[in-house]
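Nothing in this text is a laboratory measurement; each read-out follows from the coordinates by a stated rule. Note that the structure is predicted; figures quoted are calculated from it, not measured. Don't worry about glycine lacking a Cβ; one is built from the backbone with ideal geometry, like all the others, and counts go over all protein chains shown.
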Amino acid sequence: RIAPMLLNAGALINQRVGPGYTALYNAAFNGHADTVKLLTEHGADVNAISDEHFSPLYIACQEGHTECVKSLLHARADPDHARPDEGATALYIASQNGREACVEC
């Protein structure tokens, strides 16, 4: 409920906090599909990478948040982004964690 108010008030949609997490990253991590959709519709960077090299798509796949994954892919998140330290893509991490519904997206 607060996200629309913040956006209407001019909040910086791609502002980073902590280890480079954006609002979109946090929404994807926590499975807030409505917020993911809202943020992507307002121009959030779907390919913003945290300091730890996580993208919103990667973290949504890791956590098994299928609706977030669908929204991110619809918004053209890069499914081929790989973490440089281990070469893992979102598809790889979804598969490794048994997130079959995310793999099928």
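Some points to look at:
- Only one of Asn14, Asn47, Asn8 that is touching an Asp or Glu at 6+ places or on another chain (Cβ under 6 Å) and more than 23 Å from Arg99 (Cβ to Cβ): Asn14
- All positions within the stretch 73-89 that are under 14 Å from Glu52 (Cα atoms) and either hydrophobic (A, V, I, L, M, F, W, C) or touching a residue at least 24 places away in the same chain (Cβ under 8 Å) (or both): His81, Ala82, Arg83, Pro84, Asp85, Ala88, Thr89
- The set of residues from the stretch 10-29 being polar (S, T, N, Q) and surrounded by 15 or more Cβ atoms within 10 Å (Cβ to Cβ) comprises Thr22, Asn26.
- Whenever a residue of the stretch 1-16 is in contact (Cβ under 8 Å) with a residue 12 or more places away in the chain and closer than 17 Å to Lys37 by Cβ, its partners that are among the hydroxyl-bearing types (Ser, Thr, Tyr) and surrounded by 11 or more Cβ atoms within 10 Å (Cβ to Cβ), lying with C-beta atoms within less than 8 angstrom and at least six residues away or across chains, give the pairs Ala3/Thr35; Ile13/Thr22; Asn14/Thr22.
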